[in-house]
Each structure stands twice: as structure tokens, then as C-alpha cells.
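Heads up, the thing below is written out as C-alpha cells.
The values are calculated or read from the model by the stated rules, or taken from the named source; none is laboratory data. Everything numeric here is computed off the predicted structure, so don't read it as measured data. Counting neighbours? That spans all protein chains shown, and the Cβs are built from the backbone with ideal geometry, glycine included. Surface accessibility is based on the protein's heavy atoms, side chains included, excluding ligands, DNA and RNA. Shrake-Rupley method; radii C 1.70, N 1.55, O 1.52, S 1.80 Å.
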Amino acid sequence: MTLAPSLTGTVNPASARLENVCKFYGEFQALKDVSLVIPPGKVTCLIGPSGSGKSTLLRCINFLEEYDRGGIWIDDRLIGYESVGGRRMGGRALREMRRDIGMVFQQFNLWPHMTALQNVAEGLERVKGIPRARAHEIAAEALAKVGLGDKTGNHPSRLSGGQQQRVAIARAVAMQPRIMLFDEPTSALDPELVGEVLGVMKQLAAEGMTMVVVTHEMGFAAHVADRVVFMERGELVAEGAPAEIFQNPGDRRLAAFLQGYLERNSLEL
Amino acid sequence: MTLAPSLTGTVNPASARLENVCKFYGEFQALKDVSLVIPPGKVTCLIGPSGSGKSTLLRCINFLEEYDRGGIWIDDRLIGYESVGGRRMGGRALREMRRDIGMVFQQFNLWPHMTALQNVAEGLERVKGIPRARAHEIAAEALAKVGLGDKTGNHPSRLSGGQQQRVAIARAVAMQPRIMLFDEPTSALDPELVGEVLGVMKQLAAEGMTMVVVTHEMGFAAHVADRVVFMERGELVAEGAPAEIFQNPGDRRLAAFLQGYLERNSLEL
Amino acid sequence: DMLEDIKAAGKITTATEMHYAPFDMLENGQYAGFNKELFDEVAKELGVTPEYQDLPWASILPGLEVSKFDFVNAPVTITPERMERYAFTLPISDATVALVQRKGGGLTKPEDIKGKTVGIQKGTAQEKQLEAYSETLGGFTIRGYGSPDEAYADLAAGRLDAVAGSAPNLAYLAKTRPDVFETVQPPFGEPKYFAWVTRKEGSESLIEAMNAALVKIQDDGRLAAMQEKWFGTATALPKEMPAM
Amino acid sequence: MFSFQTIIDNLPVLAASARYTLLISGAGCFLGLIFGALICVAAVSRAPSARAFAGVYVSFFRGVPLLIQLLLAFYLLPLVGVNVPALAAAIFTVGLCAAAYISEILRGALNAIPRGQAEAAMAVGLAPRDIWTRILLPQALKISMPALVNELILLVKASSLVTVVGIVEITRMSQAIASATYRPLEIYLTAAFLYLAINLVIAALGRNLERRLAW
Amino acid sequence: MEFDLFREYGPALLRGLSVTIFCWIVGTACAMGLGFVLALVHRGVSARPLQWILRAYVEFIRGTPFLVQLFVLYYGAPMLGLRLDAMPAGLLGLTIYGSPYFAEIFRAGLNAVPVGQIEAARAMGFAPATILRRIMIPVMLVSALPALVNFSIILTKETVILSMITVPEIMFETQTMMAETFAFAESTLVLALFFWVFVETISRIGRRLERRATHYLLDRS
Ligand SMILES: Nc1ncnc2c1ncn2[C@@H]1O[C@H](COP(=O)(O)OP(=O)(O)OP(=O)(O)O)[C@@H](O)[C@H]1O
Ligand SMILES: Nc1ncnc2c1ncn2[C@@H]1O[C@H](COP(=O)(O)OP(=O)(O)OP(=O)(O)O)[C@@H](O)[C@H]1O
Ligand SMILES: [Mg+2]
Ligand SMILES: [Mg+2]
């Protein structure tokens, strides 16, 4: 299931920088002064308990969620606002920035009225302006690579959970973004597929795509990530190379979070 | 996050028996002559690749999906049809059977117009006839037990993925069914919560509830399951105690499926 | 027999469309008009109480046919075709066709409308007369309307040069809105009359009794008083069915 | 030209006639919503006979103009020996007709509700009545609220057709006054404002409910 | 029943029929177009004053009877110097009258499109017009089509009111026939039959469109 170079190509990776990002839902503060540098061409894994704000953070990076304070820069260009605390950015400019940012949603968000193939081809046609026939070719290839060669004609309602997730991944990857945001991209996949999808991601990483991955797969974080970021209750609590985070979890909360993970995941009885 | 006995009580576990169950989606055969006995009071884990028919099988057990051939018996009562190959069962009888069967869906299927609390209380009120105040009490307790004590008033749209999944679990568990169908109940949960939810399930198992769990958590299958069933392409390929399945995967496809799982899930570098 | 039934019930039920001033209209929500006063008198002569009902024209004749009421006390122009289908009383009013124009509209006599546009309520006996008149005059445009109100509105809006209708109606219109409308004298065409109608079956004796009452009311001067009140002038009505 | 005096003089009579408009449209709305929901349930039922019934119902009540339905109720029913009072005939006809439209609106809204919603309810063991009243209809109501308000407003205005059975409501009264005073513009505008007042209340209620149903 | 009548009045009725169908097609298309634009403006513009004007327009037009609107447009507007012929006035009237209803139906439909689907398109850098055309409209139609068909059917009946301003549509011609011949039962029957066929045709087309729009939904049981 490795994607051919024709699909991913070699991209010019983008960097991202977050400074003091705050996000409120009414009274509730989902992000508390998050500052973070996402280096270009590296894999950054975001781990943390449920409800800690991982998805919110990811959604702020492509400005699907409007952050309330602070700033997020993609390659030194502020996203969403004209200046920190200033007016909202124009639609066209935002759109241009988003073309460089791919995203795989936690709930997939496939378009129900399109087949798997159309879901993947749509962006190629409409955003990249690739002619229909060629777009369908690329889409079919991308779907075959995630093991869905025989389901290209199925609508999402006629796909299993894991199949839907793979369509979502193919849809994002086929667009060849410069930075990719994955929100739990393997949650619905079986171990075998997890392995293959992680393989794809490793390959993308190797080709230099910047990646931010929210994941509960500690194994993936440990093996693929260049940096691991641990969040809790909207705060960035720990950050470091996988070795630091997993072998010497200095923070008490991080240690508690990781505890018991290993024992549960062994197949020995 | 262990559920108090008051919530789960000690249930009278139900058994289930599948015989030559076939399910077609148009031309596509999703289940191929599946025969399986689910012993009462035991945990049966269903594993297998994405698209192999696990969800379909689970949905046939409570007849949300109408199977086309064969029969499924809950405690020796055929579900869905009056006799094998006969007429559809009456609505009332089906409803009565379903009251004994709990289900946690792969996509949660929370009711968006109700708060987390109402989602859990609804069935208690309407199906079990528990008075509103008491039902809310029980629901609040159940939510607190899955770590959502502070989110009872949130609508699903204002919950994170993992929080939604926990509401779905609380909704099913609070009904105290005699047999429970879990479709990847921990897919959206972080490792810490996975541990806790598995704890709840272990407790339920200990209290004698029959459980059928579709899972990609091989660790859980290995540690909690009494029986493990491996499916592929709609077929039941292997079945046995966890020790047999995981330590001596006789079947070639099963072996391939399990391979690489362990290495990926270690945190060593 | 209808007369016996009505006498036995002590009342006569009728229907009319209560917006055809000055015959049938609402004054402060109450039914009023020449028609009502005249019918009140006729009912008194018959010794029954009248019951009035407002219905749109579209459901009046169908309602009559399924006996929802006994009588149509709307002013219906007597024509040969209608006489084949319904039973008419003696005339209750003149219905000869006349013209009304915008105030200061420049028509001094009916003949002036040659080459101009005239509005008329569709399907009325007056429409037929107007068509005949158009032929004799050598042509003017006729526009049909669902009700006279719309024709008057279009006259005020300037799309029409004149509206044709029965002389009493138009006289009342000009009297009520002298700032907007004025009549064109004199009426033209053959003399026509309004009368009331009912079903044919079983109505001979009823019609006879009503005709007798109408003649009596005219003879003792009550009719003339009502005509003065509502039309401004009194004119004698035929005491026998006029030849059509 | 424009005479406010005419308006002032006739407003009380017109306003009084509004009670029929209110009565017929109010009762009609009520019947329409209830029957509409029931027809909608039938239309998506798994029983072919129920579906067929809903199909014929909608086809008849949408296909035949309300005016003619009223005439039928008023003039045809007596021929077969059913003599209903005009007001009852009017309310029922208006309500049954609205139900056809409302059922279609709700059916569309149901299409937008994910299948898993009803499945979750069935899995919990809710009875069909509860599935409809607690899970499906509330969501359908939210989705279709603007279209439902449309329908109710149309119903208020359609209540003017009951004049054919001899009920003098706002429209009829204004026609009568217009032809007595020869001031149709003034009178019709007044009538329009009465309708507007009623409909603004409905629209405001609808918006309020729509906001409350946000989740 | 005297069906000989139709030999004499047939041609006029047929003419009326085609006028009705013409008015309906043009009026509905224009009203739907204007309504869609209104719904988009409502959704896309957050400026308070504009929202206010929009609401006022919708509630005002929706809240008053078509008869009165048409009356004012045709008989009242000349007082202000705007004199339209019957047919243009009728079509303009239908457009204005229908637009707020369609606007509300479209608004409801667009609101029912799950946000996630729009977000997915936004995240990929789709232009707003593309999102509208490729994602929102197809998904919106699933819930809105029955209501759209509903109101289009209602408009067939509102075209009857155009008879009031002398547009020679079917009601106008039938009234003529009715007044001249007293053939009430026959006329009513003809009218009913015509509308039934007309409406049935529209709902058939609607159902076909609906089947196409919802083809991806699974049957619900
Ligand atoms: N619209 C909203 N209104 C109010 N609170 C919200 C809203 N959306 C999210 N939240 C809250 O914000 C917090 C962060 O949510 P987020 O989805 O970012 O969590 P997460 O880290 O992705 O969790 P998970 O691993 O469960 O997906 C949660 O506690 C959630 O309840
Ligand atoms: N309505 C449908 N029409 C056609 N095919 C369907 C339909 N629903 C499911 N399928 C197919 O049936 C197969 C089994 O689906 P199912 O959801 O049971 O898989 P699964 O084992 O649960 O997979 P996953 O782990 O990805 O959730 C899949 O290949 C899917 O594409
Ligand atoms: Mg999340
Ligand atoms: Mg599944």
C-alpha cells in the first residue's frame, strides 16, 4: 500500500508556528496559551487524553476553528487574520493558504452523495484543475493504494467504518499538500491496515511532507514521530523527542497517561 | 471508572447462536454462511480486517440488518423471523427481544437534539419506565463513571470524539442488557481511557453479561476475551480461545493479520 | 311545492353576493341595499322571514341547484338562455347598459367610445349588449374582468377609457366617488331588467306569489321610495314578464 | 386620493371578521400538523398499504384545488347524505389539505436524518411511537421549521377560500366593503395588514422555535 | 352534463391552459432564482442592516395575500407612475410573491447540510461557489425537494389569481364559459381535472428528481 512517487511527489514542506493560541467555546476554554513550533518536513505527534483539545488545535491550524487570541503562522504567514488581533483575512487568501494544508477528519466528513472515487477526485478537479479523466485515474490509483480498488463505486453509506476512513485518507493525500493534519487517522482500522497506513505516512514523511498527527497509537508516535507533544485540558504539558517523552516522562500527568499502555498491548497472556 | 453494582447489577446472561447466516448487499455478499455460538456470560471478541463483515454480523444479531439466509437465536428464540426462512417477526416481539440486547455503534449514533444526560436517560425512561428524576440520576451516575461528570449538559456537537464514544457506552450500559454488542468501543479513546473502558467491560463480564466485542485492540482480545473469532471477507476463518488464536495462529490469513502488531505497539525504540 | 314548504318553515332562505352596490352591500358589516329592502317587503307580503347569506357568485347557482337555499336574491339580468334553466320573478330593476368614465374623461355621449377601450364584467348580459354596440358603432376594444370592482380600479388606473355596466350600478358609483368617476349619459342598447331567480321545479306558485307582492309594492309607492333612496330616480317597472 | 378615513371607518368590521380567519387557520394548523405527521409516518412506513394510502392522499389533496375541495365538502357531501355545518367543513377541509403539504415537508426532512438515529433508538428498544415523537420528529421539525412556517402562513391565507361555503372572513369582508365604498386599494391594504399581523406572529413563533431547536 | 360546450369553448380553454402553464413556468423559475439568491445573501452576509431588510422583505411579502400584492402592483402602482401590462405585472407579481417562500425553503435546506461536509471542502481550498454547487446544493436537495415541489404546486394555484388582472389564463376562460352557459358542474370538473393532471405531472417530476437526489441513501426500515 505504498503510494507511488507519482502520487505524492516530493513536496516543498511547510512549517507552522503557534504562539499563545487561545480558544473559547463560550465560557469553556479549550486551548490555553498554546505555543508550539512545527518544523518543516517532520512528523509531530499530538497525544493526550480525550477532550484535551487535540482536535481543536488541529482545526485551528487550518482555521476551521477561529482561535480567539494569539497567532498561527504557516511558513511565516499568519493564517485567519490580517495581523495578530486584527481583522479577518480575506476569503481568497485563506483559500490559497488552505490549499497547502491537508486534513483528515476524526469523523471523516466524506461527501455522502459522491462515490469513493468522486470523493477523492473532486478536489483534484475543482481545486487543482486537473481534467476529469486524469483526476479519476489518480483517484482510482490512490484508492487502490489504500486497498479499496474494488470499492471505488461505493457511496460512503455503503462502506464499512475502516473503508470510509481510508477514503478520507486517500482524499487528503491525493491533494499533495505541503503540510498534513491527521486527526486519529487509524482509529477505525484493523491492526494490519494500521500498519499499512502508518507505512504510507512514513513514506510521506520521508518525502518531506510536514505532518501533524493526533493519535492514540503510542507505537506510531514512538516509531515515526520526530517530536511528540502531550496536551492536557487545553494546555501543552510536555514536548520533546519520542525518546524523552516515552522513556523519561518527567511530567506526572504524562506518566499517568502512558502507564498501563504497554502491558495492555502485549499479546502474551 | 468502575461502574457500581447498582448500575449493572447482576444480569441473567443470554446466549446467542448463529447458523449459516448469509447477508447480501445487492450482488455483494457481506456474510458467507457464518455459524457461531456465543456462550452466555462470556466475552467473545470479533477481529478481522476492515470490511470483513464484523459490523454487519453484529448488526444482524439484533436484526438491525436483515439477514438473508440462515438463523440467529437469542436464548433459543429466533430473532427477526417467525421461522427460518419464514415471515418477518412482528414489531412488538422484535422490540421485546431487542430490550435484552444492548449495542454501542461504531459511529456512536448519539441523538444530536438531546444532551449527553438525555441521551442516556431516554431509554431508561421510555423503555424501562423509570421515572424521569430517577432516570436522570442513573444517567448522571453512568456518565460520571465514564469521566463525563462535567459534560452531562453538552449536546453531542459540543463533545470531542472520545467524549461522544463514552456517552454511547454509558447509554448502552445503563440499560443493563443481557447481551451487549460493542462495535469498536474504544476506537476514539486515548490509551488511558481505553484502559478504563476495558476495565468497565471486564467488570461487566465478571458480573456475567454476555458480550460480543468487535475490536482492533488485540491486547484487549488477548486479556479479556473468552473466545476470539477471526473473520475475513465475510467468512468465519478461525475461532478459539485467545491462547490458541494469538499464540498458534494456524490459519495463514490470521497469522498475516497478527504479524507486525506486537512490534508496532512497543514503546521501545 | 316550494311555496308551501316556505310557509310551513316560516322563513325563506336566500343567497346573494353582497358586493354589488347599490343592490347588495355591507354597511358596517351589515347587509344593506336596495335588494335587501325590496326583498324584506316581499317577504313581509308572503308572511315569512327572510334569511340572507353571502356567497361568492361562483357558488350561488350551484348552491341553488343542490337546495342549499330557496332563492337567489342577487340581481340577475333576464336573458332567454337563463330563462331556459331557471325561474325568474318579475323585473326588480332596470339593467340597461350604460358607461362610466374617469372624471373629466372627455366622453360626452356613448358614441364617443369608438376606437377606445371599455371594461366590463365578464359573462354578464351587459357584455353581450356591449359587443352588439361595438359592432354597430364600428369597433372599440372590450376588456373582460372577473368583477366590476377590478374594472373600476383599472379605469381609475388609466388603462381603460370607460367601464360599461347596468345603469343603476354606475349611477351609484358616480354618486359615491364623484371625485373619480362620472357617468356618460344616456344609457344605450335595448332595455334590460334584473330579476331574482330560483329552481324551476315546484316553484310556480312561489313565483306567482312573489310577482303579486312585487306588483303590490310598486302600486302602493313603496318601490318608488326605495328607488329614490338608492338610485336617485324612480322609474316604473313592467308588471308582466317583458318579451326578450 | 388615498383615503385614510375609509380605513378608519371600516377597520372594526374587518378586524371582527378576522376571528373566522383565526379560528379556521388556527384549527386548520393544528389538524394539519397532526395529520401531516401521521401521513408522513404512513408515507415512509414499510407497509405497502400505508404507503399507498399516503400516496393517494397527497395526490388528491395537493392535486385538487382547495376551492374545489371545499365545494365538494359543501355541495357533494350533502348529495350522499352527509350534511356538515359550513364551519366544520371548512376547518376540516383546510386542515386535511394542509396535512398533505406538511407530510411532504416532513418526509423531506426525514431524508436528512442519518439512518443511525432510528437504529440507535431501535437498538435501545424504543417503541415506534417513541422513536417518532422523541427521536425523528423533533429533528425533522428543526430541519423543516422554515418550510413549515411557510405552509402555516399559506394556510392562513388559504382560509380566505372558505368564502365559497358562505363564511365571511377577512378577504370576503374586504371585498364586500371595497365594492360598497369603491375604495378597493385602501380596503385591500387594510386586509393585507391584518393578514400580515397574524402571519408575523406565526413567523416569530417559528423563528423562536427554530432558535430553541438549535443544538 | 353538456359536453358539447367544449366544442365551442374548447379553443379558448386550451389557450387559457397554455397561458397558465407559461405563467407558472416563468413565474416559478424566476421566484426560485430570486429565492435562492435571497437565501444565499441571508447565509453569507452578516451585516445587521442588510439582514434586517431581508427579514422585512421576507415577512412582508410572505405575510400578505398574493391577491393584494397583485392588486397594488397592477391597480395601485399607476398612481405612482408605474404602469405595467397585465402579463408582465402578473409574472413580476408571481416572482416577488414566490421568492420569500423559496428563500425559506432553501435556507432550511442549506442549514441541514452537515457542517463537516462543508468543512472538508473548505479545508481543501474549494472556492465558495464550488462548495455551493458541488456539495451544498446536492445535499440540500435531499431534504428540500419535497418542500420545493410543494410550493411549486401551490404556485400553480396562485396563477389563477392572475385572472383578476385580466391575464387570460385558465380560470379567466372558465369563468367566461361559466358565466355565459351556467355550466358550473362541467366547468368545475374541467378545472379540477386540469389541475389534477398539472399537479400530478409536477409531483411525478419531483419524485423522479428526488429519487435521483437521494439515490445514495439506504432504505430505512
Ligand atoms: N462547540 C463546542 N462547544 C463547547 N465545548 C466544546 C465544543 N467543541 C469542543 N468542546 C470541548 O472542547 C474540549 C476539547 O475538544 P477536542 O475535540 O479538541 O478534544 P480532543 O482532544 O480532540 O478529544 P478526543 O481525543 O476525544 O477527540 C472538549 O472538552 C469538548 O467538550
Ligand atoms: N449498504 C451496503 N451496500 C453495499 N455494501 C455494503 C453495505 N454496507 C456494507 N457494505 C460492505 O460490506 C462489507 C462489510 O462491511 P462491515 O461494515 O461489516 O465491515 P467491518 O468488518 O465492520 O469493517 P470495519 O472494521 O472497517 O468497520 C464491506 O466491504 C462494505 O463495503
Ligand atoms: Mg478529537
Ligand atoms: Mg465496522
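For the reader, a short list of remarks on this structure follows.
- The residues of region E:146-187 that are in contact (Cβ under 8 Å) with a residue 60 or more places away in the chain, outside any helix (DSSP H, G or I) and over 22 Å from E:Phe71 (Cα atoms) amount to a single one, E:Ala183.
Each row is one residue, and each column tells you yes or no for (1) under 22 Å from the mean Cα position of the chain (by Cα); (2) at positive phi; (3) open to solvent by less than 70 Å² (accessible area, probe 1.4 Å).
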| residue | (1), (2), (3) |
| --- | --- |
| E:Phe6 | no, no, yes |
| E:Tyr9 | no, no, yes |
| E:Val37 | yes, no, no |
| E:Arg48 | no, no, no |
| E:Tyr57 | yes, no, yes |
| E:Met79 | no, no, no |
| E:Arg83 | no, no, no |
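- Among the residues of region D:30-60, those identified as in a helix (DSSP H, G or I) and either among the polar types (S, T, N, Q) or touching a Gly at 6+ places or on another chain (Cβ under 8 Å) (or both) are D:Phe30, D:Leu31, D:Gly32, D:Phe35, D:Ala43, D:Ser49, D:Ser59.
- Within region C:149-169, the set of residues being touching a helix residue (DSSP H, G or I) at 6+ places or on another chain (Cβ under 9 Å), hydrophobic (A, V, I, L, M, F, W, C), part of a helix (DSSP H, G or I) and closer than 24 Å to C:Asp94 by Cβ comprises C:Ala167 only.
- Total residues in region B:142-160 satisfying the condition of being more than 13 Å from ligand 1 (Cβ to nearest atom) and either surrounded by fewer than 21 Cβ atoms within 10 Å (Cβ to Cβ) or over 24 Å from B:Gly199 (Cβ atoms) (or both): the figure is 1.
- Members of region A:96-115 that are more than 7 Å from chain E (Cβ to nearest Cβ) and within 16 Å of ligand 1 (Cβ to nearest atom): A:Val104, A:Gln106, A:Phe108
- Among the residues examined, B:Ile72 does not qualify as of a type in the set (A, V, I, L, M) and out of contact with any strand residue (DSSP E or B) (no Cβ under 7 Å at 6 or more places or on another chain).
Results for (1) closer than 25 Å to A:Leu46 by Cβ; (2) open to solvent by less than 30 Å² (accessible area, probe 1.4 Å); (3) within 16 Å of ligand 3 (Cβ to nearest atom); (4) in contact with an Asp or Glu (Cβ under 8 Å, 6 or more places away or on another chain), shown as yes or no for each residue.
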position: A:Phe105; (1), (2), (3), (4): yes, yes, yes, yes
position: A:Phe108; (1), (2), (3), (4): yes, yes, yes, no
position: A:Val120; (1), (2), (3), (4): no, yes, no, no
position: A:Ala135; (1), (2), (3), (4): no, yes, no, yes
position: A:Ala140; (1), (2), (3), (4): no, no, no, no
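- Selection count where residues are acidic (Asp, Glu) and under 15 Å from A:Phe105 (Cβ atoms), scope region A:125-182: 0
- Selection of region B:149-208 for residues being within 16 Å of ligand 3 (Cβ to nearest atom), among the aliphatic types (A, V, I, L, M) and under 21 Å from B:Leu124 (Cα atoms) yields B:Val167, B:Ala168.
- Close pairs from region C:165-191: first closer than 14 Å to D:Ser179 by Cβ, partner at pLDDT 85 or above and open to solvent by 40 Å² or more (accessible area, probe 1.4 Å), Cβ under 6 Å, at least 6 apart: C:Leu170/C:Thr183
- Meets criteria (open to solvent by less than 20 Å² (accessible area, probe 1.4 Å) and assigned to a loop (DSSP other than H, G, I, E, B)) for B:Met114: yes
- For region A:56-69, the candidate set comprises residues that are touching a helix residue (DSSP H, G or I) at 6+ places or on another chain (Cβ under 8 Å) and buried (at least 24 other Cβ atoms within 10 Å of the Cβ); within that set, the residue that is nearest to A:Gly85 (Cα to Cα) is A:Tyr67.
- Boolean, D:Ala191 is in contact with a Pro (Cβ under 7 Å, 6 or more places away or on another chain), crowded, with 23+ Cβ neighbours inside 10 Å, under 15 Å from C:Gly29 (Cα atoms) and facing another protein chain (nearest Cβ under 7 Å): no
- Only one entry of D:Leu200, D:Leu155, D:Leu161, D:Leu196 meets the criterion of being more than 7 Å from every other protein chain (Cβ to nearest Cβ), modelled with pLDDT of 90 or more and on the phi < 0 side of the Ramachandran plot, and that entry is D:Leu155.
- Test for B:Ala221: is it open to solvent by 40 Å² or more (accessible area, probe 1.4 Å) and assigned to a helix (DSSP H, G or I): no
- Any hit, region B:122-136, residues being among the small types (Gly, Ala, Ser), touching a residue at least 24 places away in the same chain (Cβ under 8 Å) and in contact with a helix residue (DSSP H, G or I) (Cβ under 8 Å, 6 or more places away or on another chain): yes
- Helices (runs of 4 or more DSSP H) fully within region C:30-141 that include at least 3 residues being open to solvent by less than 60 Å² (accessible area, probe 1.4 Å): C:34-46, C:57-65, C:125-137.
- The number of residues in region D:123-138 that are facing chain B (nearest Cβ under 9 Å), in a helix (DSSP H, G or I) and surrounded by fewer than 22 Cβ atoms within 10 Å (Cβ to Cβ) comes to 4.
- Test result for B:Ser35, more than 14 Å from chain A (Cβ to nearest Cβ), more than 12 Å from ligand 2 (Cβ to nearest atom) and loosely packed, with under 14 Cβ neighbours inside 10 Å: yes
- When E:Gly16, E:Gly27, E:Gly90 are screened for being assigned to a helix (DSSP H, G or I), touching a residue at least 40 places away in the same chain (Cβ under 8 Å), touching an Asp or Glu at 6+ places or on another chain (Cβ under 7 Å) and of a type in the set (Gly, Ala, Ser), only E:Gly16 passes.
- The set of residues in region B:161-178 that are outside any helix (DSSP H, G or I) and open to solvent by 10 Å² or more (accessible area, probe 1.4 Å) comprises B:Met175, B:Gln176, B:Arg178.
- Counted residues, region E:72-116 - those being within 7 Å of another protein chain (Cβ to nearest Cβ) and touching a helix residue (DSSP H, G or I) at 6+ places or on another chain (Cβ under 6 Å): 9
- Verdict on E:Glu186 being of a type outside the set (Phe, Trp, Tyr) and open to solvent by 20 Å² or more (accessible area, probe 1.4 Å): no
- Residue match in region D:76-93 (condition: open to solvent by less than 30 Å² (accessible area, probe 1.4 Å) and either over 30 Å from C:Gln30 (Cα atoms) or of a type in the set (D, E, K, R) (or both)): no
- Any hit, region A:179-189, residues being among the hydroxyl-bearing types (Ser, Thr, Tyr), outside any helix (DSSP H, G or I) and over 30 Å from A:Gly48 (Cα atoms): no
- Residue within region D:172-183 that is at the interface with another protein chain (Cβ under 9 Å from one of its Cβ atoms), in contact with a Gly (Cβ under 7 Å, 6 or more places away or on another chain), of a type in the set (A, V, I, L, M) and farther than 23 Å from D:Ile24 by Cα present: no
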